[in-house]
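Here is the structure we will look at.
Bear in mind these aren't lab numbers, they're just calculated from the coordinates by the rules spelled out. Here the structure is a predicted model, which means the values were calculated and not measured. Cβ atoms come from the backbone with ideal geometry, glycine included; neighbour counts cover every protein chain shown.
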Amino acid sequence: MNLQRLAFSLNSLALALITAVLGGAFVEQIVFGELPCPLCLLQRAGLIAVGLGFLLNLRFGIQPLHYGVTLLGALVGAAASVRQILLHIAPGDPGYSKTFFGYHLYTWSFVTFVCIIAGVAVLLCLSNKYQSGRPVVSGKVTGFVMLSFLVIVLGNLVSTLLECGLTQCADDPVRYLWLDSLSRTFKAH
Amino acid sequence: MYIVFLLAFISCLLILSGRDRIGVTTSLITIAVLAGVLVHHMTDKLPISL
């Protein structure tokens, strides 16, 4: 396996992992009824921005510009995570939402973004000669991963509209704004 | 907040439909808007309601 092919496979794996993480967040939201806060949504959007860079690599071939998109997305996502960590850093503050292996999800989110930045640095080192043009491999698995990513982005768009509508999201959301409005409309009729 | 996901979805569609340059451009716009919304969340000073 040459380096270019390995880098392509790792990009595919990274996009699959991002899709899985976003899917896990959806499971928590739907199954356990935990509505995402505005900063949680920003972290999800950061992950999606990271995924856009990988998607560009998979669709158009590996280029430093695409890794730049990934790195910028990771930096903004990490900033949102740090913001939330700092909001709950005071002694005695229980933090927001549940913990997972002893840390809150926003802390794991920060760790993830740092790992992504490190991973992209490794991927940039993997190849010393970038070629623009068609991707190295374009199999069914990669196609499925790209389509799944599109579906999860659409899911986040719909979910955010249902939760916040066209206005600013509540700081500590407890209900879906649009879903409640719709149910009230149906009950009124 | 929806505007970030809407832009990301449009970026995905453009990338998957094979539009290279506009796909990169909309991805960068998505990140810029995301950063703007984060700044707005921290300062509450920007004249937006997203």
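Only Cα pairs under 8 Å and at least 6 apart count here; give the relative contact order of chain A as a rounded whole percent.
29 percent
Taking R0 as 30 Å, what FRET efficiency do you get between A:H88 and A:A121 from their Cβ-Cβ distance, rounded to the nearest 0.05?
0.55
Kirkwood Rh over alpha-carbon pairs of chain B, then Stokes-Einstein at 25 °C and 0.890 mPa s: what D in µm² s⁻¹, rounded to an integer?
Estimated via Stokes-Einstein, D reaches 216 µm²/s.
Evaluate the charge dipole of region A:3-188 about its Cα centre and quote only its size in Debye, nearest 20, assuming +1 on the Cβ of each Lys and Arg and -1 on the Cβ of each Asp and Glu.
Roughly 680 debye, rounded to the nearest 20.
Can you give the helix-only mean residue ellipticity at 222 nm for chain B, where every DSSP H stretch with n ≥ 4 adds -39500 (n - 2.57) and the sum goes over all residues, rounded to the nearest 500 deg cm²/dmol?
Taken over chain B, the calculation gives -26500 deg cm²/dmol.
Cα atoms only: what Rg and Dmax, in Å, come out for the protein assembly as shown?
Over the protein assembly as shown's Cα set, Rg and Dmax evaluate to 18.3, 66 Å.
In the Gaussian network model of chain A, springs joining C-alpha atoms below 10 Å, which of A:P38, A:P64, A:P94 carries the largest mean-square fluctuation?
Of A:P38, A:P64, A:P94, the most mobile in the Gaussian network model is A:P94.
Note down the nm distance, to one decimal, between modelled labels 7 Å out along Cα→Cβ at A:V174 and at A:F32.
Calculated label separation equals 1.9 nm.
Per residue of chain A, what 222 nm ellipticity follows from adding -39500 (n - 2.57) for every DSSP H run with n ≥ 4, rounded to the nearest 500?
Value at 222 nm, helices only: -25000 deg cm²/dmol.
Highest GNM mean-square fluctuation, chain A, Cα pairs closer than 10 Å: which of A:G102, A:G53, A:G77?
A:G102
At 0.36 nm per residue, minus the direct Cα-Cα distance, what do A:H189 and A:R5 gain on full extension? Give it in nm, one decimal, please.
60.3 nm
Report the one residue of A:T107, A:L47, A:M146 whose Cα lies farthest in the direction of the positive end of the charge dipole of chain A (charges on C-beta: Lys and Arg +1, Asp and Glu -1; origin at the Cα centre).
Looking along the dipole axis, the top candidate is A:M146.
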